[in-house]
Amino acid sequence: MNWKFYGRDTELNTMRRLLSRQRWFFCAISGRRRIGKTSLILEALQSLPQASKAVYLQVPDSDERDVVSVFADALEAAAPLGLPDGVQPHALRRFSDMAKAIGALCRAGWVVILDEFQYFNRKSLSAFTSLLQAEVDQLTGSAHGGIFVLGSIHTEMTALLEDRSSPLYARVTDRMALDHWDFRTLFQVFDDQAVTTPQDWLSLWGLFEGVPKFYRDCANQGVFADPETSGLSMGMRAVQALFFSPSAPLAEEAGTWFMRELRGASVSILRLLAQQQPCAHQQLSEAYQQSTGDEKPIANYLNTLIDRYRLIERQQPVFAQTTGSRQARYQISDNFLAAWLAAVEPGVQAARVQPMARALEITALKLAVHEGHVFERMVRKLMAEASRAAVGDFALTEMVTGYWNRPRDAARLIEIDIVAMNETDRTVRFGSCKRAEGKHDRSSLAKTEQHIQDFLATSSGKRFKGWKQEKALYAPSFTAAHRQTLEQQGWRCVDLNDYHRWLCA
């Protein structure tokens, strides 16, 4: 089935207005790699009645000579469109030539796209920003053309564009942050590609979250076609085609987009966290010391992974007072990275010395564990999106969280997956998430019920005194019979089919 441009309606309309307003712009767009920053710009350019001419440069993490050379190649590729007078690719030698060429292109109404712009924060490339500033200052207020700077490392983009000491401080005219596809868009993709099974939705989201490029790779590799012929689940078909096959497009993806940026302790922390997420600081610190023999505190590494790279998220239980709470837990914030480290990479390593069938079996077992972790995260995001769209069965007034404690003895452990609040209606929902509906058995229900009652006896839980209380169970799908049985026992059942119906109505 042919692939098309999906979603991004709000961002696309914003981009079209930017390109149509007859005023020069300097627009910064941030977002993880492969999230579709360049595709969004190109889609907007192509959809306008009079499309602007554009030149695209993916900035290499290299030196001045290499960057200028790659830019010259980009100009050569755009030459058939008719480069402005004075822009001669073969004459570019240094950053000053490159900056002047960008200025000339903009004055002629061209759009210049500089991808991976954060590399200009490197010492070896930093001189370019002063030269670009001189051109930007001359272009400000003119009527045509513009520059897009795209970046995937938040703090380095901030340093280049928002730090008062930066040459480009206060020069940006427009900003946009591009996030994953929302679930409404994902459900549209699944419908178009005839992916109809909720378990497949979870498997694909657990691998690729909402990264457009990865789903397009699935379509190009035939993952969505004839799923019954291979005998593999949809998730494992995707793993085999995109990571294990001779032409696998994602075989080196994790290494090229994050291993290149990280070294040493940061990589070790991510690997450990992928195996036991979510986990507390002390648990992670002990695992790090045991595996590496390094007794150095990991706090600085954790903060870098959270604040600079945004690869780890810090989770707090409901009503936690500070971000430094000792009850905080940590989880890898990118499904693709977590799936790679926890399941796919071990399988790829095994395939080098073991039969392919065994390597895929190893990966499948580990992916099942990974999906159990990410399903809870999926439910929280679905609840938030449905609430924003004024659909679904629970209107939120706060972001969905959970509750867990740090007891000294296991008998006092309290853990609740979902704590959702509607303060307006004074309603609280407690939820339990399981990867398979059968996991919501008598033992699990009794344990969840006990944890809810124990929580309501805590100082945090007592805040819900007098509130209406709901109990909910979440799974990828429920059979009608099992749903009826559970609901007769006082549990509300919600699955991915429900969210598909609510969000796509």
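Observations on the model:
- Of all aspartates and glutamates in the structure, those lying under 14 Å Cα to Cα from residue 296, and not within fewer than 8 positions of it along the same chain, are 286.
- Dimensions of the chain from C-alpha coordinates, computed as largest minus smallest value along each principal axis and given longest first, are 77, 53, 51 Å.
- Accessible surface area normalised per residue over the range 415-477 is 49 Å², counting heavy atoms of protein chains with a 1.4 Å rolling probe.
- Annotation: per residue accessible area for the range 105-175 equals 39 Å², rounded to a whole number [probe 1.4 Å, protein chains only].
- For the range 304-442, convex hull of alpha carbons as volume per residue, Å³: 188 Å³
- Expressed as a whole percent, the proportion of Cα-Cα pairs in the range 222-373 lying more than 28 Å apart is 27%.
- Apportionment of accessible area to carbon and sulfur, the chain, percent (1.4 Å): 47 percent
- Projection of the Cα convex hull of the range 362-505, averaged over all directions and equal to a quarter of that hull's surface, yields 10.1 nm².
- Shape call, the range 286-374: gyration tensor on alpha carbons, a/c limit 1.5: prolate
- Normalising the average separation of contacting C-alpha pairs (under 8 angstrom, six or more residues apart) by the number of residues puts the relative contact order of the chain at 12 percent.
- The alpha-carbon of residue 465 sits under 28 angstrom from the alpha-carbons of these lysines, leaving out residues fewer than 8 places away in its chain: 381, 434, 447.
- Whichever aspartates and glutamates have a C-alpha closer than 20 Å to that of residue 366, once near sequence neighbours (fewer than 8 apart) are set aside: 200, 209, 252, 253, 334, 345, 376, 437
- Between the beta carbons of residue 479 and residue 124, assuming R0 = 41 Å, the FRET efficiency works out to 0.10 to the nearest 0.05.
The values are calculated or read from the model by the stated rules, or taken from the named source; none is laboratory data. Owing to the predicted nature of the structure, the values given are computational and were not obtained by experimental measurement. Note that each Cβ is placed from the backbone with ideal geometry, even for glycine, and that neighbours are counted across all protein chains shown. The accessibility values were calculated without ligands, DNA or RNA, using every heavy atom of the protein model including side chains. Shrake-Rupley method; radii C 1.70, N 1.55, O 1.52, S 1.80 Å.
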